[in-house]
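Beneath this line is the structure, given in structure tokens, with notes to follow.
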Amino acid sequence: MTAPFSSPPPQPHHQPPTDPWAPPPTGGHGEGHVWHGPEEPSGPGLGRELLEAAVVTAVMTLVGGVLLGVLWWWLAPHVPLVSDGSAVYFKDTEGEQAVGVDGTFTLLALGMGAVSALLVFLLRRRGGVPLVAALAVGGLLGAVVAWRLGVWLGPGTDVVARAKEAGRGVTFSAPLKLAAKGALLAWPLAGLLVHLALTGLFGPRDPERFEEYEGAK
């Protein structure tokens, strides 16, 4: 005897077979997220960033340093000295000209740092680690160039020779001197802080990798 032929029970129409490897549905009842996959980097390559950082460092060191040095030499107050024939003294012992020399350099360096950070941000809003490092290194080198240039442009550093040349009781200006060496950090610190503030307020935002959608009801 043979068993009667029987067919397998039909599958319910409301339960289609599922494929575990199928992509998730894009519509339906409810809400979810769609991932668009990793995005391609939109910023410049590392080589270009390093080139831009080198240009920024060079411009800040040479152009900015020379400009700051000339302004410091031009705007810094003169410290009057006088000789009695055997020694050199400050003509005004209670004067604040020496403090004003350091203060003038510091204020000018702060302004240079703010201006350089603004220009760098306008030229390259996305920023980057090499560009930020260039602001710090270029600001420090520019401040050193400005300091040495201002001393060179100012009165001679041989006070004894200049006192003999001026004569006894004749007032002459002291050499341009930066007593507070910490003022050299004013430019790089101001540049970093201003650039950080500009980037935080007006810098570009990273695009969202996920976006929400409302499925069909």
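Please treat every number below as a calculation from the coordinates, not as lab data. Everything numeric here is computed off the predicted structure, so don't read it as measured data. All Cβ positions, glycine included, derive from the backbone under ideal geometry; neighbour counts span all protein chains shown.
Taking R0 as 25 Å, what's the FRET efficiency between LEU122 and VAL70 from their Cβ-Cβ distance, rounded to 0.05?
For LEU122 and VAL70, the calculated efficiency is 0.55.
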Using a simple spin-label model with points 7 Å from Cα along the Cα→Cβ vector, what separation in nm is obtained for ASP158 and LEU50?
4.7 nm
Inter-site label distance for ALA197 and GLN97 at 7 Å from Cα along Cβ, in nm:
3.5 nm
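Counting every Cα pair in the range 46-105, what percent are over 16 Å apart?
Here the long-distance tail beyond 16 Å is 64 percent of all Cα pairs in the range 46-105.
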The range 95-180, relative contact order [Cα under 8 Å, separation at least 6], %:
35 percent
